[in-house]
1. Using 0.36 nm times the number of residues separating R18 and A55, minus their current alpha carbon distance, what extension gain do you get?
2. Could you pull the accessible area for H107 with a 1.4 Å probe, rounded to 10 Å²?
3. If the elastic network links every pair of Cα atoms under 10 Å, which of G104, G20, G35 fluctuates the most in the Gaussian network model of the chain?
4. Accessible area per residue, 1.4 Å probe, Å², for the stretch 24-170: what's the number?
5. With every protein chain left in place and a probe of 1.4 Å, what is the accessible surface of S143, to the nearest 10 Å²?
6. In whole Hz and in residue order, list the ³J(HN,Hα) couplings for the stretch 9-24 that follow from phi through the Karplus curve 6.51 cos²θ - 1.76 cosθ + 1.60, θ = phi - 60°; x for Gly and Pro.
7. With n ≥ 4 as the cut-off for DSSP H runs, can you work out [θ] at 222 nm for the chain, using -39500 (n - 2.57) per run divided by the number of residues, rounded to the nearest 500?
8. Looking only at Cα atoms, what is the convex hull volume of the stretch 1-102 per residue, in Å³?
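The values are calculated or read from the model by the stated rules, or taken from the named source; none is laboratory data. Since the structure is predicted, the reported quantities are computational estimates derived from the model, not experimental observations. FYI the Cβ positions are ideal-geometry reconstructions off the backbone, even for glycines, and counts take in every protein chain you see. Quick note on the areas: whole protein, heavy atoms, side chains included, nothing else; ligands and nucleic acids left out. Shrake-Rupley method; radii C 1.70, N 1.55, O 1.52, S 1.80 Å.
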Amino acid sequence: MAALRLLSLSRRARAILRAGAGAGILIAVLVAVGGGAFVRGLAAVSPLTVAAALALSAVATVAAAVRWHTVARRLDVPIRLSAAVAACYRSQLLNSVLPGGVVGDVHRAVAHGLDVGRVAQASRAVAAERIGGQIVQLVFAASVLVIIGARAYEPVAGALGLAAVVAAVV
């Protein structure tokens with residue numbers, strides 16, 4: 001009975017209810033375990049560091065969304081860029097809090113596939129975007145290691161470069 005009443009609420013009311021439930025869970029956790037460690041952790045970093053981390057995370061998230069938007073459009077399962085950015089943020093949250101680190105991407109693929117009526121093609125788009133992102137990271141890591149001239153990391157840089165070339169060819 002209560003579930004039926006919840007379904008009959010407006011979209012906005014359900015969003016407010018979900019946000020309230022999330023805030024309630026956070027408050028319960030703070031009451032149960034305290035917030036001292038969190039406060040000490042925040043005090044250990046400067047506001048500039050936090051701002052830089054937030055900015056870099058936003059750039060990385062938008063880059064992933066742009067990659068996905070482009071790949072999805074090419075595979076004829078288009079997604080709006082704003083929807084892609086929102087889905088990428090949700091995906092990162094799910095990947096970071098759930099085991100396996102891919103549940104968010106699976107959710108992103110299935111949700112988009114159901115929206116466009118082509119789950120398989122939408123899943124291919126997400127997989128291609130993730131592979132592209134990994135290739136970018138490999139190339140960037142290898143480039144940084146070569147540029148800084150870290151002799152101890154030369155074998156790693158070579159292996160990363162080789163992996164990037166093989167992945168790009170595949």
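1. Answer, rounded to one decimal: 10.6 nm.
2. The accessible area comes out at roughly 80 Å².
3. Largest GNM mean-square fluctuation: G20.
4. 66
5. Ignoring ligands and nucleic acids, S143 comes out at about 50 Å².
6. 3J(HN,Hα) across the stretch 9-24, in whole Hz: 5, 5, 4, 5, 5, 5, 5, 5, 5, 5, 5, x, 5, x, 5, x.
7. Per the formula, -28500 deg cm²/dmol.
8. 181
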